[in-house]
Amino acid sequence: MEENPLNSRAASEHKISVGRINLDYASILLMDNAWGVEILARIFKSFGARRLHRAQSITDASSYLTQHQVDLIVAEAMIGGEDTFQFIRGLRQNAEAEHNRFAPVILLSAHSASEKVAQARDCGINFFVAKPISPKVVMKRVLWVAKNTRQCLETPTYAGPDRRFRNAPPPPGVADRRQINAYKVETTA
Amino acid sequence: MNKVRFFAPENRLAAAINTPDGILIQDAVSDADEQVALAAAESAEKMDESLELIYRLAAEAAPGRLDGLYQAVREVAGLAGLAQLPDLGHAAHTFCSLIDLALSTGALPQDQIQVNIDVMRLLRRPARFADAERTALLDNLHGVLAKARRTAAA
């Protein structure tokens, strides 16, 4: 019996799963500059994806997302000199476009400027991939995002996946921010 | 009181991937590797366009050139690996960090730019050098970056 990639511990760690992947029905938005989006499209076509949509600007992507539902967004962090962080943050906080609001986002970047690191962390991406991209790494991240069971959360200042990878209390000597900010926690299915 | 809502959105990607049939993951990855390798020459051409821009911007003294330089070097850092030039990609990444530092401190001496440009030119043709020589070139750039960081911190 073949291994289900979504149940494979190896797929989310260092090895690529020996199972199967079916991207025939997945709608994927690729956002990058002209050549970057072409390379991404070639990689995802090899992965079996048929419903690929290319956007070479934030405007193109926004326009596409208002009218179509996507299952995955793969975006370069800077397109045509514009940051993608604000776009992703807007997507996550736009309660009027619920159909794509929490679509998984894999962000690609060859280098993150120091002043942008906090923006990248706080805009609501699911995973960050350092360029140069390799098909193996892209596949691992796609499987990881699909397998991911992290909850999303919404606060007045952030919407997106829970950024904590471990369910650990604050480090010694650091106060719990939920108490400092007086958050009332609600959990919904 | 601020409110935080935890919830689990529908994972449509997982549902799509779990659809029966599909292709073997290892086959998908090897096919994609092949596609990327086939595109290496085109990736190198695109990267060379950015390199030409870098050489031109490095020689100019125009205001705001660091922003343009950063974007072009970042482009090379992303493309060099696809063009099968990992050392050049590494050099470009180090140069990005140096420019990023300069954008916050406001100063990037021309000699520091020049040494990065020179190394990038050399690593564009890596076959001319032995492994140890390429490593030494990259170590030189790491040294320049470390020195700039020490200066900025002082």
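The values are calculated or read from the model by the stated rules, or taken from the named source; none is laboratory data. Not measured: the values here are computed from a predicted model. Heads up, the Cβs are rebuilt from the backbone with ideal geometry, glycines too, and the neighbour counts pull from every protein chain shown.
Brief remarks follow.
- Residue check for B:Ala91: surrounded by 22 or more Cβ atoms within 10 Å (Cβ to Cβ), modelled with pLDDT of 95 or more, of a type outside the set (Phe, Trp, Tyr) and not in a helix (DSSP H, G or I): no
- Residue within the stretch B:46-55 that is among the aliphatic types (A, V, I, L, M) and within 30 Å of A:Arg20 (Cβ to Cβ) present: no
- All positions within the stretch A:33-64 that are within 15 Å of A:Ile133 (Cα to Cα), out of contact with any Pro (no Cβ under 6 Å at 6 or more places or on another chain) and of a type in the set (A, V, I, L, M, F, W, C): A:Trp35, A:Val37, A:Ile39, A:Leu40, A:Ala41, A:Phe44, A:Phe47
- Check on B:Gln71, assigned to a helix (DSSP H, G or I) and in contact with a strand residue (DSSP E or B) (Cβ under 9 Å, 6 or more places away or on another chain): yes
- Among the residues of the stretch B:16-31, those identified as closer than 23 Å to A:Gln69 by Cα and in contact with a helix residue (DSSP H, G or I) (Cβ under 7 Å, 6 or more places away or on another chain) are B:Ile17, B:Asn18.
Conditions tested, residue by residue: (1) more than 8 Å from every other protein chain (Cβ to nearest Cβ); (2) basic (Lys, Arg); (3) under 27 Å from B:Leu122 (Cα atoms); (4) surrounded by fewer than 16 Cβ atoms within 10 Å (Cβ to Cβ).
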{"residue": "B:Lys3", "(1), (2), (3), (4)": "no, yes, no, yes"}
{"residue": "B:Ala8", "(1), (2), (3), (4)": "no, no, no, yes"}
{"residue": "B:Ala39", "(1), (2), (3), (4)": "no, no, yes, no"}
{"residue": "B:Ala58", "(1), (2), (3), (4)": "yes, no, yes, no"}
{"residue": "B:Leu66", "(1), (2), (3), (4)": "yes, no, yes, no"}
{"residue": "B:Leu69", "(1), (2), (3), (4)": "yes, no, yes, no"}
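- Test: residue in the stretch A:33-44 that is away from every other protein chain (no Cβ under 14 Å) and either under 19 Å from B:Arg12 (Cα atoms) or in contact (Cβ under 8 Å) with a residue 60 or more places away in the chain (or both): no
- Tally, over the stretch A:106-130, of residues that are buried (at least 20 other Cβ atoms within 10 Å of the Cβ) and touching a residue at least 40 places away in the same chain (Cβ under 8 Å): 1
- Of all residues in the stretch B:119-146, those that are of a type outside the set (D, E, K, R) and either out of contact with any helix residue (DSSP H, G or I) (no Cβ under 8 Å at 6 or more places or on another chain) or more than 17 Å from B:Leu85 (Cβ to Cβ) (or both) total 11.
- Taken together, the criteria exclude B:Ala28 from residues that are more than 7 Å from every other protein chain (Cβ to nearest Cβ) and either farther than 16 Å from B:Gly89 by Cα or not β-branched (Val, Ile, Thr) (or both).
- Residues in the stretch A:97-139 that are within 10 Å of chain B (Cβ to nearest Cβ), within 14 Å of the chain's Cα centre (by Cα), small (Gly, Ala, Ser) and part of a loop (DSSP other than H, G, I, E, B): A:Ala103 alone.
- Consider the stretch B:7-45 and keep the residues that are among the hydroxyl-bearing types (Ser, Thr, Tyr) and free of Cβ contacts under 8 Å to residues at least 40 places away in the same chain. The one that is nearest to B:Ala77 (Cα to Cα) is B:Ser30.
- Top-ranked residue in the stretch A:140-172 [being in a loop (DSSP other than H, G, I, E, B) and in contact with a Pro (Cβ under 8 Å, 6 or more places away or on another chain); ranked as modelled with the highest pLDDT]: A:Gln151
- Of everything in the stretch B:94-110 that is more than 8 Å from every other protein chain (Cβ to nearest Cβ) and in a helix (DSSP H, G or I), the residue that is surrounded by the most Cβ atoms within 10 Å (Cβ to Cβ) is B:Phe95.
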